[in-house]
Amino acid sequence: MERGAGPPKPLLDPVLLNAISDLELVARVTVDGTVSGLHRSPFHGYSAEFSQYRHYRPGDDLKYIDWKLLARTDRIYTKQYRETTNLAAQIAIDASASMNYGATGGVTKLAYARLLAAALAHRVIGQGDAAGLVVFSDAIRQYVPSRSGQVHLRRLLVALTELEASGTTAASPALRRSTDLLKRRGLLILVSDLYDEDGTVEEELRRATRIGHDVVVFHVLTRDEIEFPFDEDLQLDDLESGASVQSGPAAAAEYRREFAAFLARWRTRCAANGIDYVRVTTDMALDAALREYLVQRSRGVTR
Amino acid sequence: MVWLQPTSLWLAVLVAVPIAIHLLRTRRARRLAFPSVRFVRPSQTASVRLHAPSDLLLLALRVAIVLLAALACAQPLWITPAREASWNARTARAIVVDTSESMRDPSALEPVQRIVARESEAFVTRTFEVATLGSGIERAVAWLQQAPPARREIVVVSDFQLGSMSDAIAGMIPSSVGLRFERVARSNALVVPPVRRLTTADAAAEAYAIGLTDRGTTIEVQRRQSVESPGFRLLGNAGDENMAAAVRRALVAAGTAAPDPSRRIAVRTGTAISDGEVSAVAGRWMIEIIGGLSRDAELDRLARSITEAVPRAEPWTIVVRGQSNQPVVRAAASDAELVLDCATPLESYFTAAVARAALRVAPWSRPVTESDPSTIPDSTLDTLRREPGPADTTSWQTVEHSDGRWFWAALLLLLAVEAWLRNRTAEIKEVHRAAA
């Protein structure tokens, strides 16, 4: 390390990762760095669950014969398993204008969401499951159906690479679409800053959980939005609505209160509906962002 | 109040600078595109804070500082009664010194210096040495017009020869400027010019006495008995007195110049003065006479035919040589008298020529050219004399110092207050930020 270069950045520093143009590499590095050490994949993949025994019929696959039972009973029985269910994940990523905000020296929320979504897609497909993508702002801008395979993964990564932030936020249509596209029990992942707080978003998330999907919400924010570190006179222009507000140092305290209440509301909503809620900031290393969630998920305590 | 540099008042337009900065500063809050603006309550105090009383006070201070600087640069001047009184208490004096021919007499130098030294003790003075009083007074008037406010006066130092001062010249002087005369030497009494020609006691002499008064010119011819010009002797052997007188009368008839009585000359032949009674020539005038004789062309021509000789002996100095280069005229000093010893007898033409040549070259201690004795009488000068008037307050443009220093002092004070207030305001803002 060069002298005077400052403390070394973590390997999965979002700024460093964002600088790498090969999103597949980034995703692989992220996932490898995140899930190493986990004893079990939290994402349940090929599940061959034992269902029952039945008498052997000619033509049955010999590998399903329970030889121990034959030895005990001198009868030939075949194990039957429940239908194998691959995981299907649908990643809904918010590409509204508010996602284009980034703290000075950091990455934008959209860039962070892109890295996060890429890592998640890589992990899901890497373990043989399917992943899809829905990009939305005020409407669904792009849809990639849930598929498995490396070719499909690259297609997803290309779509993520071409993301651009614009427009206002209307998440509920995208969530409904994603939910409907998950034909079997799946995983709905919402990556957004959740500034769309009308009741429809919560309603769609609740609907997804009622259907049986696993829902996880990655609430992506910047440190500035949480802490409002501005102690000067500012004219703030809203990134989506364009509204302009004069602000001064005295507004900081009230902002922080309001924003903390906003965060608390989303945490409460998710907890009340059995939705996994993970708040990440753009200055968090990606492995830290993912590891926390994945470990908690594998223990089942994220609710 | 008046302004010595009124064009500097234009600097007052610079008050627009702090005003513009104040206005621009209120509108140039940093703009920031932010995603969560809806959580920000519009800060009324933000806009109000930018127009906080302390900021307005700072603006007023800065405007006042710029104004004071502009006013100070314009060099203000308060013409108060006290200031006018101080101006009237002092005098600006121009001294015009006559340096014409009549004033170049060394005897006039010391009186002039004494008068100039005395008159120079004023608020401000300047001396003008001129050959004509008119040009000097003209320059003096011009200088007084540029002098700082004070009572103004012209003092003329001269012998006031007739025509040097007149009503026309005095008319060049403004009525508020005083005029005074200081006379040097001279009086206008009747003067008899000294006799310039050799005289004898037995001849009548005429003298013209010229007097110039304000009533006119008087010329009086005075005939009186002549007196023998002192300072010249013709000496021969015993018994040559008649011959000496005859030679003297011949010299008088020839219009020979009279000697300066302070520089006596004796022409002798024979043994009238012994060697023991003389000493070497001394004094510049003796040497000048000897030099003049040795260069006299007529004397040299006459000497070539002289065969006589005078003995060579100390301390005599040989002046003229004869036919065979022998000394025919020698000189020495005797009791402050120049003695010229001739080889030729008293009745010789050469001896008379030597006497005449010596008298011709003898330098007068006084200039030969007589200075004009006519002067302006005091009564005439009194009609021109006047006292200086009060100081001209409209001439404040020539004031040497303005009252701008008070404005600069006030400006410095306001700068200190502005700096203190600015620091105080910053501290208060910092406390507010920390509390927020």
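For this structure, a couple of remarks:
- So B:W420, is it over 41 Å from the mean Cα position of the chain (by Cα), more than 14 Å from every other protein chain (Cβ to nearest Cβ) and either modelled with pLDDT under 85 or over 15 Å from B:A266 (Cα atoms) (or both): yes
- Against the list (1) modelled with pLDDT under 80; (2) surrounded by 15 or more Cβ atoms within 10 Å (Cβ to Cβ), the condition A:L11 fails is (2).
- Residue match in segment B:11-26 (condition: in contact with a strand residue (DSSP E or B) (Cβ under 9 Å, 6 or more places away or on another chain), crowded, with 17+ Cβ neighbours inside 10 Å and either part of a helix (DSSP H, G or I) or modelled with pLDDT of 85 or more (or both)): no
- Count - residues of segment B:143-171 that are closer than 22 Å to B:V116 by Cβ and touching a Phe, Trp or Tyr at 6+ places or on another chain (Cβ under 6 Å): 2
- Taking the criterion of being of a type in the set (D, E) and farther than 19 Å from B:S166 by Cβ, the residues of segment B:123-153 that qualify are B:E129, B:E153.
- Hey, A:A260 among the small types (G, A, S) and either without any contact (Cβ under 8 Å) to a residue 12 or more places away in the chain or surrounded by fewer than 20 Cβ atoms within 10 Å (Cβ to Cβ) (or both) or not: yes
- Check on B:A362, closer than 30 Å to B:R249 by Cβ, of a type outside the set (V, I, T), buried (at least 21 other Cβ atoms within 10 Å of the Cβ) and modelled with pLDDT under 90: yes
- Qualifying residue in segment A:281-297 (condition: more than 11 Å from chain B (Cβ to nearest Cβ), touching a strand residue (DSSP E or B) at 6+ places or on another chain (Cβ under 7 Å) and modelled with pLDDT of 90 or more): yes
Results for (1) surrounded by fewer than 18 Cβ atoms within 10 Å (Cβ to Cβ); (2) out of contact with any Ser or Thr (no Cβ under 9 Å at 6 or more places or on another chain); (3) modelled with pLDDT of 70 or more, shown as yes or no for each residue.
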| position | (1), (2), (3) |
| --- | --- |
| B:D214 | yes, no, no |
| B:S229 | no, no, yes |
| B:L235 | no, no, yes |
| B:E241 | yes, yes, yes |
| B:V252 | no, no, yes |
| B:D260 | no, no, yes |
| B:G276 | yes, yes, yes |
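- Residue in segment A:213-224 that is surrounded by fewer than 15 Cβ atoms within 10 Å (Cβ to Cβ), within 23 Å of A:V107 (Cα to Cα), touching a strand residue (DSSP E or B) at 6+ places or on another chain (Cβ under 8 Å) and touching a residue at least 24 places away in the same chain (Cβ under 8 Å) present: yes
- Failed item in (1) within 26 Å of B:S36 (Cβ to Cβ); (2) buried (at least 17 other Cβ atoms within 10 Å of the Cβ); (3) more than 14 Å from every other protein chain (Cβ to nearest Cβ); (4) not hydrophobic (A, V, I, L, M, F, W, C), with A:Y101 passing the rest: (3)
- Restricted to segment A:226-249, and to residues there that are surrounded by 19 or more Cβ atoms within 10 Å (Cβ to Cβ) and under 13 Å from A:S98 (Cβ atoms), the residue that is farthest from the other protein chains (Cβ to nearest Cβ) is A:E240.
- Candidates A:L182, A:L194: the one that is touching a strand residue (DSSP E or B) at 6+ places or on another chain (Cβ under 6 Å) and either more than 20 Å from A:A113 (Cβ to Cβ) or modelled with pLDDT under 90 (or both) is A:L182.
- Tally, over segment B:384-400, of residues that are part of a helix (DSSP H, G or I) and surrounded by 10 or more Cβ atoms within 10 Å (Cβ to Cβ): 6
- Cβ pairs under 7 Å, 6+ apart, first in segment B:389-408 and in contact (Cβ under 8 Å) with a residue 24 or more places away in the chain, second surrounded by fewer than 18 Cβ atoms within 10 Å (Cβ to Cβ) and among the small types (G, A, S): B:G389/B:S175; B:G389/B:S176; B:D392/B:S176
The values are calculated or read from the model by the stated rules, or taken from the named source; none is laboratory data. These figures come from a predicted structure and were not determined experimentally. Note that we place each Cβ from the backbone using ideal geometry, even for glycine, and neighbour counts take in every protein chain shown.
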